[in-house]
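Colleague: One structure follows; several queries about it will come next.
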């Protein structure tokens, strides 16, 4: 098997906010401060955190991912949805139609959102060149093998290809914990032939030979 490896990035709960949200939560003209750069070009975790309130509970200290975006989006785990008391709706990032709302609380104010809470669908980022190298196109679904003592094959992973992307697979912490995975560990992208026709035991044991 010609291995197509991808670095894993485990994602904990976070939120993307708009400029208007930022003005309300932190004060007019406030600029978010970078805590650290993220794996995707131009994205950064901020120093600033907010609280998220749902019908049944609160998530405290949710970190913001900058820069600001045109739409607000809260990305949480299934367990987080139980704490908030909202439905766990698995969606691709950017698709927030029909998703639950919530309230964001910052030091200067709060914002009520009618929609925007998702459990992000697992996905693989590839640059245009990397997509060409791997023979994968934007929107394609693949499976990814995460090796280890708790090895697991994750199906229905959406491929996102573009010039602003960098090779990295995003899964949430719960998915990572199920596989005993860690940040920067390598996964193996499998073709449909590997999954449907291949002997997966053989694929696993030969994957890193």
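Colleague: How many of the residues making up the range 56-77 are within 15 Å of the chain's Cα centre (by Cα) and either closer than 11 Å to residue 17 by Cα or at pLDDT below 95 (or both)?
Modeller: The first filter runs over the range 56-77 and keeps only residues within 15 Å of the chain's Cα centre (by Cα), leaving 62-66, 72-77.
Adding the requirement that they be either closer than 11 Å to residue 17 by Cα or at pLDDT below 95 (or both) leaves 63-66, 72-74.
Within the range 56-77, residues that are within 15 Å of the chain's Cα centre (by Cα) and either closer than 11 Å to residue 17 by Cα or at pLDDT below 95 (or both) number 7.
Colleague: Sticking with this structure for a sec: Give the range 39-66 a look and list any residue that's surrounded by fewer than 16 Cβ atoms within 10 Å (Cβ to Cβ) and assigned to a loop (DSSP other than H, G, I, E, B), or say none.
Modeller: Correct list: 41, 42, 43, 55, 56, 57.
Colleague: It is to be established whether one or more residues within the range 6-14 are within 19 Å of residue 73 (Cβ to Cβ) and over 15 Å from the mean Cα position of the chain (by Cα). Spell out how you get there, then give the answer.
Modeller: Going through the range 6-14, the residues within 19 Å of residue 73 (Cβ to Cβ) turn out to be 9-14.
When the remaining residues are screened for being over 15 Å from the mean Cα position of the chain (by Cα), the result is none.
No, because not a single residue in the range 6-14 is within 19 Å of residue 73 (Cβ to Cβ) and over 15 Å from the mean Cα position of the chain (by Cα).
Colleague: Next question, about the same structure. Is it the case that the range 193-202 has a residue that's modelled with pLDDT under 95, touching a strand residue (DSSP E or B) at 6+ places or on another chain (Cβ under 6 Å) and either in a loop (DSSP other than H, G, I, E, B) or not assigned by the TED database to the domain that holds residue 72 (or both)? I'd like the intermediate steps shown before the answer.
Modeller: Step one: of the range 193-202, the residues modelled with pLDDT under 95 are 193-202.
Narrowing further to those that are touching a strand residue (DSSP E or B) at 6+ places or on another chain (Cβ under 6 Å): 195.
Filter again for either in a loop (DSSP other than H, G, I, E, B) or not assigned by the TED database to the domain that holds residue 72 (or both), leaving 195.
Yes, some residue in the range 193-202 is modelled with pLDDT under 95, touching a strand residue (DSSP E or B) at 6+ places or on another chain (Cβ under 6 Å) and either in a loop (DSSP other than H, G, I, E, B) or not assigned by the TED database to the domain that holds residue 72 (or both).
Colleague: Name every residue in the range 15-32 that is crowded, with 16+ Cβ neighbours inside 10 Å, over 21 Å from the mean Cα position of the chain (by Cα) and in a loop (DSSP other than H, G, I, E, B), in order of residue number.
Modeller: 30
Colleague: Check the range 38-47 and report whether any residue there is free of Cβ contacts under 8 Å to residues at least 60 places away in the same chain, assigned by the TED database to the domain that holds residue 84 and in contact with a helix residue (DSSP H, G or I) (Cβ under 9 Å, 6 or more places away or on another chain). Steps first, please.
Modeller: Let us first name the residues in the range 38-47 that are free of Cβ contacts under 8 Å to residues at least 60 places away in the same chain, namely 38, 43-47.
Filter once more, keeping what is assigned by the TED database to the domain that holds residue 84: 38, 43-47.
Narrowing the set further to residues that are in contact with a helix residue (DSSP H, G or I) (Cβ under 9 Å, 6 or more places away or on another chain) leaves none.
Within the range 38-47, none of the residues are free of Cβ contacts under 8 Å to residues at least 60 places away in the same chain, assigned by the TED database to the domain that holds residue 84 and in contact with a helix residue (DSSP H, G or I) (Cβ under 9 Å, 6 or more places away or on another chain).
Colleague: Give the number of residues within the range 1-14 that are surrounded by fewer than 20 Cβ atoms within 10 Å (Cβ to Cβ), in contact (Cβ under 8 Å) with a residue 40 or more places away in the chain and over 22 Å from residue 120 (Cα atoms).
Modeller: Our first condition is that a residue be surrounded by fewer than 20 Cβ atoms within 10 Å (Cβ to Cβ); within the range 1-14, this holds for 1-3, 5, 7, 9-10, 12-14.
Still in the running and in contact (Cβ under 8 Å) with a residue 40 or more places away in the chain: 1, 3, 5, 7, 9-10, 12-14.
Still in the list and also over 22 Å from residue 120 (Cα atoms): 1, 3.
The number of residues fulfilling the criteria is 2.
Colleague: Give the residue, chosen from 99, 81, that is part of a helix (DSSP H, G or I) and not assigned by the TED database to the domain that holds residue 145. Walk me through it before giving the result.
Modeller: Working: 99 fails: part of a helix (DSSP H, G or I).
The match here is 81.
The values are calculated or read from the model by the stated rules, or taken from the named source; none is laboratory data. Everything quoted here is computed from the prediction, not taken from an experiment. Virtual Cβ from ideal backbone geometry, glycine too; neighbours counted across all protein chains shown.
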